[in-house]
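Here is the structure we will look at, set down as structure tokens.
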Amino acid sequence: MITGSRVILRSKNLADARNDYLWQTDPELAWLDAAPVVTIPFEEYLSAYTSELRYSAPIRYSFALETLDGKHIGNCVYYNINKTKGEAEIGIMIGNRHYWDKGYGTDAVATLVNYVFTNTSLNRLHLKTLSSNTRAQRCFLKCGLTPCGHSTRDGFNFVLMDIERNRWQKEHARTEDSSKTDTGK
């Protein structure tokens, strides 16, 4: 488990399948993820989900996103890990709308970025988000990611954003220095 100030990132498990299925069959959530809506029956989805949990790829690490009191509200991931280039892509989805615009996404992304840069040798994390998803872009900016380009895929326009380890370290050091000053240490 990886604990942030508002969320816990934990390993995915079979009990997450029902929520994940509901979120992936939701047209608005699928659109925000620029993904097709899942249309297969739950039993078929559960079979594939079970297989994915059992045989996860070493280039992808998925986490369930929980509130501090244990409510599963979404997922985050770092994937397409390229050790040669020292980079990976990150993604997040808050599936439970009751937790939108309350800082859970920002804490989840910051917690994931901190975890990756503290526990791996990766030097760059990047993502793509819909150009129209300004809420997500604000979240990513708060977490230190900055725009680095644009792309189009399957009729969707994306803003590309990234953060490099050296920039994260500088910001992380500045935040630690600020908290020491605030507490008088």
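The values are calculated or read from the model by the stated rules, or taken from the named source; none is laboratory data. Fair warning: this is a prediction, and the values are worked out from it, not measured in the lab. All Cβ positions, even for glycine, are placed from backbone atoms using ideal geometry, and neighbour counts span all protein chains on display.
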Please find, within region 46-78, the residue that is nearest to LEU9 (Cα to Cα) out of those that are touching a helix residue (DSSP H, G or I) at 6+ places or on another chain (Cβ under 7 Å) and modelled with pLDDT under 95. LEU53
Answer with yes or no whether GLY70 is closer than 22 Å to LEU22 by Cα, surrounded by fewer than 13 Cβ atoms within 10 Å (Cβ to Cβ) and not aromatic (Phe, Trp, Tyr). yes
Contact list please: Cβ distance under 9 Å, first residue in region 1-22 and under 15 Å from ALA48 (Cα atoms), second residue of a type in the set (Ser, Thr, Tyr) and surrounded by fewer than 17 Cβ atoms within 10 Å (Cβ to Cβ), pairs at least six apart or on different chains. LYS12/SER56; LEU14/THR50; ALA17/THR50
Checking the conditions here, which among THR106, THR84 is on the phi < 0 side of the Ramachandran plot and within 15 Å of the chain's Cα centre (by Cα)? THR106
Quick check on my filter: what residues within region 82-131 are surrounded by 16 or more Cβ atoms within 10 Å (Cβ to Cβ) and basic (Lys, Arg)? ARG124, LYS128
Please find, within region 108-123, the residue that is nearest to THR3 (Cα to Cα) out of those that are β-branched (Val, Ile, Thr) and part of a helix (DSSP H, G or I). THR111
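Is it the case that region 81-95 has a residue that's of a type in the set (Asp, Glu), without any contact (Cβ under 8 Å) to a residue 60 or more places away in the chain and touching a Lys or Arg at 6+ places or on another chain (Cβ under 6 Å)? Show your work before the answer.
The first filter runs over region 81-95 and keeps only residues of a type in the set (Asp, Glu), leaving 87, 89.
When the remaining residues are screened for being without any contact (Cβ under 8 Å) to a residue 60 or more places away in the chain, the result is 87, 89.
Of the ones still in play, those that are also touching a Lys or Arg at 6+ places or on another chain (Cβ under 6 Å) are 87.
Yes - at least one qualifying residue is present in region 81-95.
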Looking only at region 52-65, decide whether some residue is under 22 Å from ASN133 (Cα atoms), part of a loop (DSSP other than H, G, I, E, B) and in contact (Cβ under 8 Å) with a residue 12 or more places away in the chain. no
Of (1) touching a Phe, Trp or Tyr at 6+ places or on another chain (Cβ under 7 Å); (2) without any contact (Cβ under 8 Å) to a residue 60 or more places away in the chain, LEU112 satisfies all except one. Which? (2)
Only one of (1) modelled with pLDDT of 90 or more; (2) within 27 Å of TYR104 (Cα to Cα); (3) not in a helix (DSSP H, G or I) is not met by THR39, so which one is it? (2)
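Got a number for residues in region 136-178 being within 17 Å of LEU32 (Cα to Cα) and either among the aromatic types (Phe, Trp, Tyr) or in a strand (DSSP E or B) (or both)?
Going through region 136-178 one residue at a time, the tally reaches 11.
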